[in-house]
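Contents: one structure, followed by commentary.
Just so you know, all these numbers are worked out from the coordinates, no wet-lab data involved. Worth saying up front: this structure is predicted, and the values here are computed from it rather than measured. Because the Cβ atoms are built from the backbone with ideal geometry, glycine has one as well, and the counts that use them run over all protein chains shown.
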Amino acid sequence: MPFCCVETDIPEVKIIEPQVFADERGFFLETYKRSEFAAFGIAEVFVQMNRSKSARGILRGLHYQKRPKAQGKLVQVIAGEIIDVAVDIRKGAPTFGKAVVTKLTSDNRRMIYVPGGFAHGFCVISDSAEVSYMTTAEYAPECEAGIRWNDPDLAIDWPIRSPQLSKRDLHWPSLKDADNNFSYAGVGNG
C-alpha cells in the first residue's frame, strides 16, 4: 500500500502518510487513491482543489462550511511548514471542542483529512508555505462560517501569539456563539 493511516485522538480525523519512492533523480509519491482512502474510512468524493501561499506568521482559520455544503478536506503542504488544526464542532460529540494539532511539511509529506463537522485552520511556521487541499463540496459563500482562532474554550497551543489574520478571521465568534448546524449522530455522521 502506498499510504499509511495514522489514527488521532479524534477517530474521524486521519493523518495520511504516503510512501515515497526516492532515488538520485528525485522522488515520486501518490497523493490520493480513492480505494485506499476508502479503506481508511474516507469514502467521500473530492470535487474541488485549492492552493494557497502564505508568509511566516499568517494564520488562516478556523473555517468550515455549514450543511448542506459541509466540506471534508484533505490538506497537504507543497512547500514550507505549517501547524494544522482540526476542531470538532459537532454538538453532542464526545470530542466536541477538542482539536487535533499536527505539523505538516513539504519534507514529511504528511496529509490530514478533516471531515465535515470540523473547523480547520493553519499557521505558517516557515518563511512561507504553499498549502494544497481537496474538498468534498464546492465553495459555497452562503454556508461559510468560522470560529475565533484564539477562543479560550478551545485552548489551542498555536506556535505564535500575534499572527497575521484576514479581516474576516479577526471577527469570527467563539465556538459557543458560532453559527453551527452540526450535531453528533455517531461515527462518520458529522
Whole-Hz Karplus ³J(HN,Hα) for the range 147-159, in order, using 6.51 cos²θ - 1.76 cosθ + 1.60 and θ = phi - 60°, x for Gly and Pro?
10, 4, 4, 10, 4, x, 5, 7, 6, 6, 8, 5, x
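Hey, got a sec? Which GluC sites (Glu not before Pro) in the range 11-85 land in a DSSP loop and have at most 13 other Cβ atoms within 10 Å?
Answer in residue order: 24, 30.
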Report, by chain and number, residues whose modeled amide H sits under 5 Å from the one on residue 67, excluding near sequence neighbours (fewer than 5 apart, same chain).
181
Name the residue farthest towards the positive end of the dipole of the chain from the options 72, 160, 139, assuming +1 on Cβ of Lys and Arg, -1 on Cβ of Asp and Glu, about the Cα centre.
139
MRE, 222 nm, helices only [DSSP H, n ≥ 4, -39500 (n - 2.57), over the chain, to nearest 500]
-1000 deg cm²/dmol
What is the packing order of peptides 83-94, 162-173, 139-150, 114-125, taking the mean over residues of other C-beta atoms within 10 Å and listing the highest first?
114-125, 83-94, 139-150, 162-173
Where a ≥ b ≥ c are root eigenvalues of the Cα gyration tensor, a/c under 1.5 meaning rounded, otherwise prolate if a/b exceeds b/c and oblate otherwise, the range 85-181 counts as rounded
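Just in the range 1-48: which trypsin sites (Lys or Arg not before Pro) are loop by DSSP and have at most 12 other Cβ atoms within 10 Å? The partial results should precede the final answer.
Working: sites: 14, 25, 33, 34; in loops: 25, 33.
Those that pass, being in a loop and sparsely packed, are 25.
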